[in-house]
1. Over the stretch A:1-92, calculate the relative contact order: mean separation of alpha carbon pairs under 8 Å at least 6 apart, over the residue count, as a percent.
2. Near B:LYS431, which aspartates and glutamates are there with a Cα under 19 Å away, not counting those fewer than 8 places off in the same chain?
3. Using the Karplus equation 6.51 cos²θ - 1.76 cosθ + 1.60 (θ = phi - 60°), what ³J(HN,Hα) coupling, rounded to whole Hz, does each residue of the stretch B:446-455 give in order, writing x for Gly and Pro?
4. Could you give the Stokes-Einstein D for the protein assembly as shown in µm² per second, using the C-alpha Kirkwood radius, 4 °C, 1.567 mPa s?
5. For the stretch B:119-198, run through the trypsin sites (Lys or Arg not before Pro) and keep only the ones in DSSP coil with at most 16 other Cβ atoms within 10 Å of their Cβ.
6. Show me, for the stretch A:37-45, the HN-Hα J-couplings you get by feeding each phi into the Karplus relation (A = 6.51, B = -1.76, C = 1.60, θ = phi - 60°), rounded to Hz, glycine and proline as x.
7. Taking N as the number of residues in chain A, what is its alpha-carbon radius of gyration divided by 2.2 N^0.38 Å?
8. In what order, largest first, do A:HIS335, A:HIS200 sit by accessible area if the probe radius is 1.4 Å?
Protein chains: 2
Amino acid sequence: MNAFQQLVEHSKKVSNFQHLSSIIGWDQAAVMPSGGAEARSNAMAELDVHIHSLMTQPHLADLFDQAQELPLSTEEQAVLREMKRTWQQDNLLPEALVKAQSLAGSKCEHAWRSQRKNNDWAGFEKNWAEVVKLSQEEAQIRADANGTSPYDAMLELYEPGTSSASLDALFAEVKTWLPSLIDNAIEKQKSRSILLPNSHYPAEKQKALGLEVMKLLQFDFEHGRLDESTHPFCGGVPSDVRITTRYNESEFVQSLMGIVHETGHARYEQGLPQAFAGTPAGEARSMGIHESQSLFFEMQLGRSEAFVEHLSRLASNHFQGAEFAKDNLSKIYTHVEKGFIRVDADELTYPAHVILRYEIERDLMNGAIKHTDVPELWHEKMQAYLGLSTAGNFTNGCMQDIHWTDGSFGYFPSYTLGAMYAAQFMAAMRKTVDVDSVVRSGDLTPIFHWLSSNIWSKGSLLTTDELVKAATGETLNSEHFKRHLVSRYLG
Amino acid sequence: MNAFQQLVEHSKKVSNFQHLSSIIGWDQAAVMPSGGAEARSNAMAELDVHIHSLMTQPHLADLFDQAQELPLSTEEQAVLREMKRTWQQDNLLPEALVKAQSLAGSKCEHAWRSQRKNNDWAGFEKNWAEVVKLSQEEAQIRADANGTSPYDAMLELYEPGTSSASLDALFAEVKTWLPSLIDNAIEKQKSRSILLPNSHYPAEKQKALGLEVMKLLQFDFEHGRLDESTHPFCGGVPSDVRITTRYNESEFVQSLMGIVHETGHARYEQGLPQAFAGTPAGEARSMGIHESQSLFFEMQLGRSEAFVEHLSRLASNHFQGAEFAKDNLSKIYTHVEKGFIRVDADELTYPAHVILRYEIERDLMNGAIKHTDVPELWHEKMQAYLGLSTAGNFTNGCMQDIHWTDGSFGYFPSYTLGAMYAAQFMAAMRKTVDVDSVVRSGDLTPIFHWLSSNIWSKGSLLTTDELVKAATGETLNSEHFKRHLVSRYLG
């Protein structure tokens, strides 16, 4: 075996242990009884240590040097590029820092669960100071290695190839039209009346409906499942994708569209190139591209009138009630409202929440602001972007998200990048696919065929820019997103 | 850390990976979609290799030598004894043999699934020849190390401390009274009429009933779950025990008592000594003792009149129908009938199936017979013990069990040892616990308290003989089993 082949074998070995980690993680979230937690976390920690020791084996450096000299095909070069990228990311940080981060992150996150309820910024700030400090250390180490700013080095973990310079430009442009678009949409919706959920919606029926929707979306049940967990997610492995949802029996809105969203993630995973399974080239391209698939399903497809008709029809197999009428469902799923909470935000106000977080975490990682500045900045930006005050309201202000509690800085932009890519993919798809007729026909195959050929089957063989350009003829262009929003909310 | 402490740390590390293996194994049997099988088996194989490499690390031999010289407490000595026993078992076989066995076993078992259906002895025999040959090699290697006969060396894997000399004596005695006891019981039951299941019994209701029965049996739902699988089992880890059952909607008899049986296994696991978790001393004593707990629950407790009253009462929460009347349920659960199939056998005829298998596998491992002799011997022994002919009937004869297809020779005696231990434990318990009144009261705590103090909490700190003697005042005595059977079936 030459060096390249040895690296591939090693990658597959690591991937086998990551497979176990994914399934065990699903188990923990979806089925494990509470008393199993302590022994389980010991077992998981042991597995983490083992995976880390495999990924940081000293002989890998030599293999990468040797592989670089080999005559490799284009695809092999892509595999090597991605293996090297993940290897470098995994080997950059000193073990002491990783341990300190894990400890500080657990402590901060755990305390946050009650501190958030109690609006206890003072308590939170004490733990968070250490988390921010350690993340800044991490960002600086990565920045030194990459030759970028600290924040850009963190971005690279989630969105390889994206810089804050490009995000600054992108979001600055969005800020020129988003606030007025939100106001105009709210004004336009003022007169319409919506029938909100007003009955009891048994979890079992919601599940049965969800399964039908997944079928319509051609989720492959031979290679995946639907289960329940407190925080919905898409986990497992490409050959066995585990999505979860949460049923609230006093409404159906969240779980129904939540399933559409997770099915988008799932189909991407199920559609990844099997020939590259076990190597990073066979994995999803980035968090933003992953989110582009869930948001393609949820926003582009799921909230379209043609798709809502299916939802209404399928719902009538399980529920009676005028709230499931297609026009009403459509209103529910396009309702715009300024609110404090990102995870409850609608499609239109969501980018405002993301831009706010992006600006703050960028400045925090680059040392332009202190962590104690965050509540005030949050308040100012909420005022500016959504006209809401979070003065003194930490619970629904800067303490609302779990992301920063464990030091995950750099992830938030992916949500809005995903929404933009989704709109761009839809615009490109419409050039060759009559999307609305296809959806109305009930056989959505041409849509999935397009996504599969252009996105899913590419894994990480192309860079994000290459992937998007090959699929749509241009790199990221927020104009498609704007056009989509204007058409849906002011059209 | 001294050598003993290092061995304990190592044992806990191995145990953490075995934890993952158990949960992943449960996942595979209970929830994994079929398309996930291939990638999963690669991941599991990787984990197996890793666990094996941990258990066979060369430095362990030195640690065992050093630990032997340390001044250890009685409990520490027990921990060392059990760690050394499992280590020796894991290190005896050459890797080539283990691989050959795994390959031959998988091949034979896989083909057996269709060969059994087709009564294809000729086809099966070709694969099985290799499995038997390799198991004989294994047995010889173990025998040379232990200074015992080959079969005794295999027995040691499942029932440490048991010899075929003692089993020969035990089963010879059983054979003096079992056949006539079976005949007399059948004669006695001739006149009674039973109302068999005759309706549709929805899986959901069976599950709800099963959960109530588990509650009565004080299954700890904080540390375990009930799920479904094709072949019911008790898996997981002591802090998170996963039992499964299978629902056949045209009857309820199997799943209901199956849940009682698996709950017995589960409570043993849940009751193991936490202070020794992660070492073999904190594990179940043997297969026979494990089976003694499931059979205590199923046979001693579950089929007693007092317990059947609870089953009847709880069933009425979910089902109507005279078949659930307590007298009828009692008849169903004590019905005696000579049949071909071990897994369908009743309490009374079951030992005949086991003794037959024991005698054959003993002679096979010791080289006294050839594998091609098995069908004829099976037929002769079925005639002698149960009066049934299996001439030409391989499907319901020697090809009915999965055990031998992958070379698991030495396991069958555990079933009947378990039944005997269960009867002996019940006899001892009755000296201090008024079992029937306790069961009737609905609070079975005193029964579980006895089992916990005498069996569960002991793990493998005592040898089997020590454990049984401490609990009952004597080592294994089949008289209790006989008395129980006579009292239940001729009383």
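The values are calculated or read from the model by the stated rules, or taken from the named source; none is laboratory data. Note that the coordinates shown come from a computational prediction; the quantities given were computed from them, not determined experimentally. Note: ideal-geometry Cβ built from the backbone for every residue, glycine included; neighbour counts use all protein chains shown. With ligands, DNA and RNA removed, areas are computed over all heavy atoms of the protein, side chains included. Shrake-Rupley method; radii C 1.70, N 1.55, O 1.52, S 1.80 Å.
1. 50
2. The qualifying aspartates and glutamates are B:ASP443, B:GLU474, B:GLU479.
3. In residue order, the calculated couplings are x, 5, 6, 4, 4, 5, 5, 5, 8, 10 Hz.
4. Here the translational diffusion coefficient equals 40 µm²/s.
5. B:LYS190, B:ARG192
6. Along the stretch A:37-45, the couplings run 5, 5, 4, 5, 5, 4, 5, 5, 4 Hz.
7. Normalised by 2.2 N^0.38 Å, the Cα Rg of chain A equals 0.98.
8. A:HIS200, A:HIS335
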